[in-house]
1. For the range B:267-295: of the residues being polar (S, T, N, Q), within 20 Å of residue A:296 (Cβ to Cβ) and in contact with a helix residue (DSSP H, G or I) (Cβ under 8 Å, 6 or more places away or on another chain), which is farthest from the other protein chains (Cβ to nearest Cβ)?
2. In the range B:177-202, how many residues are modelled with pLDDT of 95 or more and polar (S, T, N, Q)?
3. Can you list residue pairs whose Cβ atoms sit under 8 Å apart, with the first residue in the range B:62-87 being without any contact (Cβ under 8 Å) to a residue 24 or more places away in the chain and the second being assigned to a helix (DSSP H, G or I) and near DNA strand C (Cβ under 6 Å from one of its atoms)? Count only pairs 6 or more apart in sequence or on different chains.
4. Sort through A:77, A:43 and tell me the only one that's within 16 Å of DNA strand D (Cβ to nearest atom) and within 30 Å of residue A:18 (Cβ to Cβ).
5. Based on this model, can you work out whether residue B:320 counts as under 27 Å from the mean Cα position of the chain (by Cα), away from every other protein chain (no Cβ under 12 Å) and aliphatic (A, V, I, L, M)?
6. Being assigned to a helix (DSSP H, G or I), out of contact with any Leu (no Cβ under 7 Å at 6 or more places or on another chain) and buried (at least 17 other Cβ atoms within 10 Å of the Cβ) is the filter here, so list the residues in the range B:53-66 that pass it.
7. Working only within the range A:70-88, note down all residues that are among the β-branched types (Val, Ile, Thr) and surrounded by fewer than 19 Cβ atoms within 10 Å (Cβ to Cβ).
8. Which is in a helix (DSSP H, G or I) and of a type in the set (A, V, I, L, M), of B:101, B:141, B:136?
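The values are calculated or read from the model by the stated rules, or taken from the named source; none is laboratory data. Computed from a predicted model, the values in this text were never measured in an experiment. We place every Cβ from the backbone using ideal geometry, glycine too, and count neighbours over all the protein chains shown.
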2 protein chains.
Amino acid sequence: MADAANPAEPPRKRKRVTIADIAERAGVTSGAVSLAVNGKPGVSDATRARILDVARELRWRPSHAAQTLMGKNSEAVGLVLARPAEVIGEEIFFSKFIAGVQSTLSGRGYSLLLQMAEDAAAEAAIHQAWILDGRVDGILVLDPRIDDPRIAALAGMDHPTIVVGGQVDRDSIRSVHVDNGGAMGLIMDHLHGLGHDRIAYVTGDQAFRHISERMDAFSQFCVDHGVWGQSLAGNFDPAQAREATARLAGAPRPPTAIVFDSEVMAIAGMSTLASLGLRVPADVSVLSWEDSTTCQVLHPTVTALSRDAVSLGRTAAAEILQLIAGQPVQQEPVVARVIHRESTAAPDRDRGPA
Amino acid sequence: MADAANPAEPPRKRKRVTIADIAERAGVTSGAVSLAVNGKPGVSDATRARILDVARELRWRPSHAAQTLMGKNSEAVGLVLARPAEVIGEEIFFSKFIAGVQSTLSGRGYSLLLQMAEDAAAEAAIHQAWILDGRVDGILVLDPRIDDPRIAALAGMDHPTIVVGGQVDRDSIRSVHVDNGGAMGLIMDHLHGLGHDRIAYVTGDQAFRHISERMDAFSQFCVDHGVWGQSLAGNFDPAQAREATARLAGAPRPPTAIVFDSEVMAIAGMSTLASLGLRVPADVSVLSWEDSTTCQVLHPTVTALSRDAVSLGRTAAAEILQLIAGQPVQQEPVVARVIHRESTAAPDRDRGPA
DNA sequence: CTGAAAGCGCTTACAG
DNA sequence: CTGAAAGCGCTTACAG
C-alpha cells in the first residue's frame, strides 16, 4: 500500500543508512556529516545544506545505540512498579499517574520505560541496571517507604531521580511536593466544618511514607480540635476495608464520618454500610482519598480528595525532565482539594426517621 | 550507607568497567573475555573460570548500547497509547492490560517501552523510530481500527508484532485471539436466557475493530432470536452514555436490558437510571463489558463480561515473546465469561409495585 | 572550514 | 585453544 502510493520508493530491505552513506553521496567525510546533522559549527553553510538534503533524501535516522555508546541521553525515563499486577490493575491511581507522566514525556519525545518488580530490593536492582546501561536518563520512584532501600541505593548514584508520594530526608534526592498532611487538613476541615466530631480513618498500608504522613496529620487535627478520631490500619484491600467498616458501624458509639485511603476502599465501605442498612450520608458520611469518574456517578456521589493523579504525573515528569536538563527544579506544588458531593453532609444525630 | 556496610569497596566513581579491564586483570584479550562471558566455545574451562571470577569481582555489566550496536536484542517491547491521558486514566482496561503485559515481561527480564501519541499516524511514526533504533524487539498494537495506518506500516517492516483487540486481515501480523463476537453471544445468551427480548447496546467508538465485531454479533443474535435490539453509538464518554441511557429510558417502549461497552459507561448509565427513578434490575437490567472491583462493590453489584484484561495482557506479552524468540505462536484464546451479579435479572413486565 | 583518525564497548571472523 | 584486528555507527579532538 505504501509502495503503491510512492512507486519510486527504493527497495528498502535490511541495511540501515548510516552517516557513511550520506558522506559518500555528498562527497564529504562522515565527520562532516556528524557536524552538519547536529548543527555544530565546522562546516560551511553550503556543505551543511547539501548534507542535510542527502540525509533527508536517504531517510537517514541516527542510530540510537551508537549515540548512546557515545554518551548521549537515552531519552527515556524509568519507572518500576513494585506491586502485584492485580493491585496495579485495580487502583485507578496508577493508570492516572502513568497517563500524566506519559503525556508530558511524549510531548518532549521521551518514552517511559516500565517494569514490574517483586519488592523494593528487586526494584533497586532494576534501577541500577538501567542506569549502568544508560537506558534511562532519569528515574521516578513511587511511594517511598520508611527506610526505603531504593532511596538509599539511588542516593549513592547521583542520577536524576524524583520521588513521588512522600518526602524523603536526603538532600541529593528531590521529591514532588505532595502535601499529604495539608490535604488531610483539608479533609478534616471539611468534615469538622460540617459538624462531625467522631471521625474514623481507614488507612492504606502504613509502611508507606505518604500514609504515615496522612495519619500524623489526622491525629494532630483530632487533638487540636477535640475531635474523637480513630484510624484503622488497612492495606488497600477492599475486603479489609469492608471488615473495618463493619467493625466501625457496629461500635457502641460509631463514627459519623469515615475517610478511606483509596477509591476502591471507599466504594467497598459504602457498599458495606448499605448492606448494614445504614444510609450515606444521613447516618454516616464517607470521603474517598482519590477521585474518579466512579465517585461522580455512584449513588450517592462520593465526596473525594482530588489529588489529581494525572497532574501529579505531569508534574513528576516535568521535574525529572528539568533535572535531566540540568535545570533547577521548579517545584510546583500539586494542589489537592476536596470535591464536595453527596456522600458527606452534616451529621443528623438528633433527627428522627426521615 | 552502602559504603559503610562494605568499607573495602573501591571508590566507584565515573569510569565504567569494560571487558578491556577484565582482560587486563585476567591476562587475556578482550576477545577471550567476550567468548567467556557469553558462554561461547573458544576458551579453555580454566581461562573461562578465571575470567568469570574477575568479571564478578569487578562487578562488570555488559554495555547495553554496545550490544545493541552489535545487533543484540534490546529486551524491550513497545506499546504506544493513542488516546487522551484522561481516557487512559479513567478506563480501567488500560491499567489492567499494562499490568498483565508487565507481569509476563518482567518475569523474562523484558521492559515495556511506553509512549503516548496524538493519533494513529503519530503512533505509526513512533513504531518506525523504535524499530529502526533497535529500541524494541517487538511491538504491541492495541485496538486496531478499520483501515488502520499502523497495521499497514507495520506489515511492511516484518518486525514482531502482536495486535490486541480485534482480528486483522494480514497474514504477516498475528493477533491475540479475542473472540468479541463470541463474547457478545455469551452476553446475549445470558440476557435472553433471563427472558429479555428488548435489549439495547450502548457502544464505544465504532471506528474500532473490536466494537464493530461486537455490534455485528449483537445484530446477528437479535435477528436469529427474534429479539428487539437497538445499538446506540457512543464513544466511551460517560456523559454520552448518560444521555443515551436517558433517551432509551424515555422511549415509548424502553428496553428491559442495556449492555454498556465499558465499566465507566455502565456506571454512568446506572446512575442515570437511578436518577430517573428506575430500579436496577427490577425495571431494567444492566450489563457492563468489562469487570472491575467497582462492579463488585456497587449497589446493586454489576453483572459484567470478564475479559480479564490482566490475562489478556499476559497472553499478548507471551505471544510477542514467542514471536521474538522465533518460536511458533501458540494462540491461547483469551476466555471471557459473564459474571452474573445483581444488576441483571428476569424482566418483571407484568408485576405490580414491589 | 575540512580531512583523517581515534575511540565508545562489544562481537566476530581470521590467523596462528 | 588463543591473539590480533576489523567493524557496528557515531562523535570529537587534532592536524591541515
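1. Out of the qualifying residues, it is B:288.
2. The number of residues fulfilling the criteria is 0.
3. Matching pairs, first to second residue: B:65/A:69; B:66/A:69; B:69/A:69.
4. A:43
5. yes
6. Here is the first cut: in the range B:53-66, the ones assigned to a helix (DSSP H, G or I) are B:53-57, B:64-66.
Keeping just the survivors that are out of contact with any Leu (no Cβ under 7 Å at 6 or more places or on another chain) gives B:53-57, B:64.
If the condition is that a residue be assigned to a helix (DSSP H, G or I), out of contact with any Leu (no Cβ under 7 Å at 6 or more places or on another chain) and buried (at least 17 other Cβ atoms within 10 Å of the Cβ), then B:54, B:55, B:64 are the ones that fit.
7. Scanning the range A:70-88 gives a single hit, A:87.
8. After ruling out the rest, the residue left standing is B:101.
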